[in-house]
1. With θ set to phi - 60° and the Karplus curve 6.51 cos²θ - 1.76 cosθ + 1.60, what are the ³J(HN,Hα) couplings of region 89-97 in order, to the nearest whole Hz, using x for Gly and Pro?
2. Please order Glu105, Glu216 by the number of other Cβ within 10 Å, starting at the fewest.
3. What FRET efficiency would be calculated for the residue pair Thr85, Tyr15, taking the C-beta separation as r and a Förster radius of 45 Å, to the nearest 0.05?
4. Quick one: 3J(HN,Hα) in Hz for region 37-46, Karplus 6.51/-1.76/1.60 with θ = phi - 60°, rounded, Gly and Pro as x.
5. Provide the per-residue ³J(HN,Hα) series for region 155-169, in order, calculated from phi with Karplus coefficients 6.51, -1.76, 1.60 and θ = phi - 60°, each as a whole number of Hz, with x at glycine and proline positions.
6. Report, in deg cm²/dmol and to the nearest 500, the calculated mean residue ellipticity at 222 nm for the chain, where each DSSP H run with n ≥ 4 adds -39500 (n - 2.57) and the sum is divided by the residue count.
7. List Trp79, Trp158 from most exposed to least, where exposure is judged by having the fewest other Cβ atoms within 10 Å.
8. Order of Lys67, Lys193 from fewest to most other C-beta atoms within 10 Å?
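Every number here is computed from the coordinates shown, using simple stated rules; none is lab data. What you are looking at is a predicted structure, and each value in this text was computed from that prediction instead of being measured. Here the Cβ positions follow ideal geometry from the backbone for every residue, glycine too, while neighbour counts run over all protein chains shown.
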Amino acid sequence: MTKAKSYTALDGNAYDDARQHLFHGAHDPGKIRGVVELRIHPDVNESKSGESVKFTVALFNQKAGHKFPTGSVEDRILWLHVEATDAAGNVYHLPVDKKGFDGEEYTIGADILAYQDMGIALDDPNFEGVQRDGIPIGDRIFRMPYFDPQGRMTIQQWNTKSLGVDYRIGHLETKLETYSFALPDGIAQGQMKISATLNYQLLVKPVAQFLGVPDEESKIMEVNNHTTYLEILP
C-alpha cells in the first residue's frame with residue numbers, strides 16, 4: 001500500500017507514512033486506465049495498393065502486480081481492436097494473425113455460442129447458449145476460459161471442471177501481436193491512420209444482456225490506445 005504524509009483522523013496527528021487507500025478494483029476506470037501500455041508499428045513507412053503491410057502491437061503490463069485481467073476471469077474480457085482508416089475515410093478492420101498455440105480459438109473473437117450450462121439454472125437442458133464474446137470477429141482476446149464438465153465454456157465457477165489456455169498478460173510481461181494487411185485496390189492515396197485500442201469489460205456483453213445485468217457492469221472501459229501512420233503511394 002502506498003504511503004504519504006497525511007492525517008489518518010480529523011483530530012489526529014499527521015504521520016509521515018500514513019497509508020493511502022488506493023487499491024480500487026476493476027470497477028474503477030481510473031484504475032484500469034493505463035494498466036497496459038501499447039504501441040503499434042508498421043514494418044514499412046510507405047506502401048501502395050496490392051502490397052502487404054504487417055503491423056506489430058506490443059502490449060506491456062506495466063502497472064498491475066498480477067496478470068490482467070484478474071479476479072473473476074471467467075466473466076471478464078480484454079481485447080485488442082485494430083483498424084486502418086485511409087485518406088478518404090474508409091475504415092478497414094484488421095483481424096489478428098494467428099500464432100497456432102493450443103486453445104488459441106478461445107483468444108480470437110468469433111461468431112460462436114457458449115455458456116450453454118446456464119440452462120441448468122433455467123431448467124432448460126436444450127438451452128443453446130449466447131454469443132461467446134460480443135466483440136468484433138478476429139480481435140485478439142486476453143483471457144483464461146473456464147470449461148464445464150461437458151467441455152463447454154462457462155461463466156459459472158461452481159460448474160467448472162477445467163481451465164483453458166491462460167492468455168492473460170502477466171506482470172511486466174510484453175505480448176506481441178501482428179496484423180497483416182493486404183492493401184486493397186482503390187485504397188485512397190495519402191496518409192493512412194492505423195489505430196490499436198485495448199478494451200476491457202467486467203462481464204461479457206451478451207451474457208450481461210441475457211441476464212439483464214445493469215449496463216455499468218458491462219460497459220466498455222478503454223485501457224489504452226496508440227496510433228501510427230502509413231503513407232499510401234500512387
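1. x, 6, 10, 10, 7, 9, x, 5, 6
2. The most exposed by this proxy come first: Glu216, Glu105.
3. In this case the efficiency is close to 0.30.
4. 8, 9, 9, 10, 9, x, 7, 9, 9, 9
5. Per-residue couplings from phi come out as 10, 9, 4, 5, 10, 8, 10, 8, 10, x, 4, 9, 10, 6, 9 Hz.
6. -1000 deg cm²/dmol
7. Trp158, Trp79
8. With the sparsest Cβ surroundings first, the list reads Lys193, Lys67.
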